[in-house]
Amino acid sequence: MIVRDLTNTDILKLTKRKIVALIPVGSIEQHGPHLPVSTDSDIVSHIAKQVSDKNGFLLLPTLQYGVSFEHHPFFNMSISTSTLQKILIELCISLSKNHINTVIILNGHHGNQDALKKLQNKVFKKTGIRQHIFVYSYWHFMKRKFDHAGFVETSIMLAISDKVLMNKAKKGLIPDNLSKKKLNLLNKRANKSFISVTKNGIWGDPTKATIKDGKIILGEIIANIVKKSQTCLTGTG
């Protein structure tokens, strides 16, 4: 159920049966020469819509801006960690005032993670409101290793978008044979300056991405998030 399509009367009826709100959070940032800067927001919006449809959640508009300063000097439209956190806290408070006290925040960008920590505790400390706030990052629900504009993201975008320019796709940093220590060091550097590590802004190899693989990866992610949210909400897992 997409909240922006509903009337006030529709929503009041839903709140009487303890509806769950789902807030997708993305970013606007470079994704190499072949993917749009909206990639993170596009992917998380698609996944959130599918999860919402399957579980009957109230789908809120995607927060399009995230914490992407690490992509400078390549293009990014960023807000600070504190700003993103404040927005989410205030949205949760607003939902509670509208009698919606269970919220799932679905994250689509790695750089947003610090802003999403302990939101439930922070809402309670600020207002005394006891909400159930669950935070998921979608890449935790797939077996493949996460990348940036590489095989995974490019395959997913091929499955959901007509904005992919495969003729411009190029290999980026391929970390497959690195030691765990070396990989951790690269991750720390990338969190501060993604370009200093990847050079062309790509982590992974998008050149072999396919629509078929994108559909398979999406199916796995969506099924696992649906299952996880059901078990969390019922207290069975």
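The values are calculated or read from the model by the stated rules, or taken from the named source; none is laboratory data. Please read these numbers as outputs of a predicted model, since none were measured by experiment. Neighbour counts run over all protein chains shown; Cβ positions are idealised from the backbone, glycine included.
Suppose we keep only residues that are in contact with a Cys (Cβ under 8 Å, 6 or more places away or on another chain) and assigned to a helix (DSSP H, G or I) within region 102-125. Which one would you say is surrounded by the fewest Cβ atoms within 10 Å (Cβ to Cβ)?
Leu119
Could you please let me know if Thr154 is of a type in the set (Val, Ile, Thr), farther than 22 Å from Ile47 by Cβ and at pLDDT 95 or above?
So Thr154 fails the test.
When the residues of region 133-162 are narrowed to those that are surrounded by fewer than 17 Cβ atoms within 10 Å (Cβ to Cβ) and under 19 Å from the mean Cα position of the chain (by Cα), which ends up nearest to Lys215 (Cα to Cα)?
Taking the candidates together, the pick is Ser161.
Restricting the search to region 207-237, which residues are in contact with a strand residue (DSSP E or B) (Cβ under 8 Å, 6 or more places away or on another chain) and not basic (Lys, Arg)?
Ile225, Ser229, Cys232, Leu233
Taking region 92-101 as the region of interest, how many residues are part of a helix (DSSP H, G or I) and surrounded by fewer than 20 Cβ atoms within 10 Å (Cβ to Cβ)?
4
Considering (1) within 22 Å of Gly201 (Cα to Cα); (2) of a type outside the set (Asp, Glu); (3) at pLDDT 95 or above, say which one Arg144 fails and leave the rest.
(3)
Looking at Ile23, Ile19, Ile43, Ile89 in this structure, which one is in a loop (DSSP other than H, G, I, E, B) and surrounded by 18 or more Cβ atoms within 10 Å (Cβ to Cβ)?
Residue meeting the stated conditions: Ile19.
Enumerate the helices (runs of 4 or more DSSP H) found wholly within region 135-208, keeping only those where 1 or more residues are among the hydroxyl-bearing types (Ser, Thr, Tyr).
Hits in region 135-208: 151-160, 194-198.
Which of the residues that make up region 52-82 are in a helix (DSSP H, G or I) and in contact (Cβ under 8 Å) with a residue 24 or more places away in the chain?
Passing the criteria: Ser52, Lys54, Asn55, Phe69, Glu70, His71, Thr81, Ser82.
Checking Ser229 against (1) surrounded by 20 or more Cβ atoms within 10 Å (Cβ to Cβ); (2) over 20 Å from Thr39 (Cβ atoms); (3) of a type in the set (Ser, Thr, Tyr); (4) without any contact (Cβ under 8 Å) to a residue 60 or more places away in the chain, only one condition comes out false. Which one?
Only one criterion in (1) surrounded by 20 or more Cβ atoms within 10 Å (Cβ to Cβ); (2) over 20 Å from Thr39 (Cβ atoms); (3) of a type in the set (Ser, Thr, Tyr); (4) without any contact (Cβ under 8 Å) to a residue 60 or more places away in the chain is unmet by Ser229, namely (4).
Output the number of residues of region 168-202 satisfying the condition of being out of contact with any helix residue (DSSP H, G or I) (no Cβ under 8 Å at 6 or more places or on another chain) and without any contact (Cβ under 8 Å) to a residue 12 or more places away in the chain.
Going through region 168-202 one residue at a time, the tally reaches 11.
Taking Ala169 as the residue in question, decide whether it is at pLDDT 90 or above, farther than 19 Å from Ala223 by Cα and in contact with a Leu (Cβ under 6 Å, 6 or more places away or on another chain).
no
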